[in-house]
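The values are calculated or read from the model by the stated rules, or taken from the named source; none is laboratory data. Note that this is a predicted model, so its numbers are computed, not measured. Ideal geometry is used to build each Cβ from the backbone, glycine not excepted, and the neighbour counts take in all protein chains shown. Surface areas here come from the heavy atoms of the whole protein model, side chains and all, with no ligands, DNA or RNA. Shrake-Rupley method; radii C 1.70, N 1.55, O 1.52, S 1.80 Å.
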Amino acid sequence: MPSRCEFVDPEFNFPCGKVFNLTKIIFNHPKKKEPIVKFACKPDGDRRFRYLSMTEEKLSTQYKQNKIKYEEFKEEMKQIRWKRCRRCNGEFESNEVACNITYYYWKDGMFMGLRRSFQLHDDCMERELKLFNIQKEDVKSTITTLDSVM
Ligand SMILES: [Zn+2]
Ligand SMILES: [Zn+2]
């Protein structure tokens, strides 16, 4: 399988295509058998990685600056990792099964280890996944047509 960065810049609606320093990202939906695998170059992958890590990084900074106590930090981190969506920060419903996005270290086509795993709502994961797909123009125009009818 040729590995290239599949991230689609929304401005150009075209995949990045870089082949160096790729990160492997696996999208897991609890109701789907096969996970979806995507590759991203370092700048594109890191940008999404940072976005999804935002709540966690903010909390770590607060802790490092002694703004919160260790117990509070630990409890809040648990909430962020297991109880809340990493994209919208909304809580999961008690019976909701979360989707999962996992970033792997990947170097010269070789698996180097797990980087970080994120839990997300299924629609939030779909939105994240959309960033790796070319947006079809015809879908957009169908929506517009429907809107004008309603
Ligand atoms: Zn890229
Ligand atoms: Zn969400």
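What to note about this one:
- Each helix, a run of at least 4 DSSP H residues, gives -39500 (n - 2.57); summed and divided by the residues of the chain, these come to -11500 deg cm²/dmol at 222 nm.
- Residues of segment 89-130 with amide N under 14 Å of a point placed 7 Å along Cα→Cβ from SER3: 103-115
- Farthest toward positive dipole pole in the chain [+1 Lys/Arg, -1 Asp/Glu at C-beta], among PRO35, SER53, LEU129: SER53
- For GLY90, net neighbour charge (Lys/Arg +1, Asp/Glu -1) across residues whose Cβ lies under 15 Å away: -1
- Table column - 3J(HN,Hα) (Hz), segment 79-88, Karplus curve with 6.51, -1.76, 1.60, x for Gly and Pro: 4, 4, 6, 10, 10, 10, 6, 7, 9, 10
- For segment 22-129, the Rg and Dmax computed from alpha carbons only, in angstrom: 14.8, 44
- With all protein chains in place and a 1.4 Å probe, the accessible surface of the chain carries 54 percent carbon and sulfur.
- For the set LYS33/LYS107; LYS78/LYS136; LYS38/LYS136, the pairs lying more than 29 angstrom apart at their alpha carbons are LYS78/LYS136.
- Taking amide H atoms as placed 1.01 Å from N in the peptide plane, the amide H of TRP106 lies under 5 Å from those of LYS24, MET112, each 5 or more residues away in sequence or on another chain.
- Formal net charge of residues neighbouring TYR105 (Cβ-Cβ distance under 9 Å; K, R +1; D, E -1): +3
- Computed from Cα atoms, the angle from the helix 137-149 axis to the main principal axis of the chain rounds to 90 degrees.
- Above-threshold pairs, the threshold being 29 Å between Cα atoms, out of LYS24/LYS83; LYS31/LYS67; LYS31/LYS130: LYS31/LYS67
- Charging the Cβ of each Asp and Glu at -1 and of each Lys and Arg at +1, and nothing else, the dipole of the chain about its Cα centre rounds to 640 debye.
- Near-label residues of segment 1-23 by backbone N, under 18 Å of a point 7 Å along Cα→Cβ of ILE134: 2-19
- Where segment 8-149 is the region considered: accessible area per residue in Å², 1.4 Å probe: 69
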